[in-house]
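Worksheet: the structure to be examined is printed underneath.
The values are calculated or read from the model by the stated rules, or taken from the named source; none is laboratory data. All values derive from a computational prediction rather than experimental measurement. Quick reminder, even Gly has a Cβ in these numbers, built from the backbone with ideal geometry, and neighbours come from all protein chains shown. For the accessible areas, the whole protein counts, side chains as well, though only heavy atoms, and no ligand, DNA or RNA atoms are used. Shrake-Rupley method; radii C 1.70, N 1.55, O 1.52, S 1.80 Å.
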Amino acid sequence: MATYLQVEKALINLGYYVDSNPRYRTKLIGYIPVEGYASDVVLEFREAIHSELGDRDELLQMEWLMNDGESCLLLDSNSLDEIDIEPNVFEAEKILLRKIFDRVYNEITNIS
C-alpha cells in the first residue's frame with residue numbers, strides 16, 4: 001500500500017507538479033503535462049483507511065481532459081484490467097495515458 005509521501009516523492013522525482021494544498025484534504029493531486037495537449041493529466045491519490053465508520057480502499061486515479069474540451073479519459077488502479085468497449089476512440093491517448101500511469105506506478109514501487 002502506497003502512502004501520500006511515497007506518491008508525492010514519485011511525482012516530484014518524475015518532474016511533475018504536486019498540489020501541496022488541494023481543495024479536498026483527503027487527496028494528493030499531481031499535474032502531469034503532455035506535449036501537444038491543452039490539458040494536463042490530473043492524478044489523484046487517497047490512502048486506504050480502516051475505521052469504525054467504514055473501510056476505504058486506496059485509489060490511484062488519472063483523469064485527462066481531451067483537446068475537444070468535452071471528452072475525458074479516466075484510468076484508475078481498479079480498472080487496469082477492464083476491457084475497453086470503445087478501443088478506437090482516443091486510441092493513441094489511451095496508450096499514452098497508460099504509459100504515464102505505469103511510469104508513475106513504477107516510480108512509487110521503486111520508492112516503496
Worksheet item: Just for the stretch 81-110: of the residues that are open to solvent by 50 Å² or more (accessible area, probe 1.4 Å) and hydrophobic (A, V, I, L, M, F, W, C), which one is nearest to Glu58 (Cα to Cα)?
Response: Ile83
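Go through the stretch 75-112 residue by residue and tally those that are among the aliphatic types (A, V, I, L, M), closer than 18 Å to Tyr16 by Cβ and within 16 Å of the chain's Cα centre (by Cα). Before the answer, list the steps.
Step one: filter the stretch 75-112 for residues among the aliphatic types (A, V, I, L, M), giving 75, 80, 83, 85, 89, 92, 95-97, 100, 104, 108, 111.
Next, only the ones that are closer than 18 Å to Tyr16 by Cβ stay: 75, 96-97, 100, 104, 108, 111.
Then drop every residue that is not within 16 Å of the chain's Cα centre (by Cα), which leaves 75, 96-97, 100, 104, 108.
The total comes to 6.
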Worksheet item: Considering the stretch 77-100 alone, what residues qualify as being small (Gly, Ala, Ser) and not in a loop (DSSP other than H, G, I, E, B)?
Response: Ala92
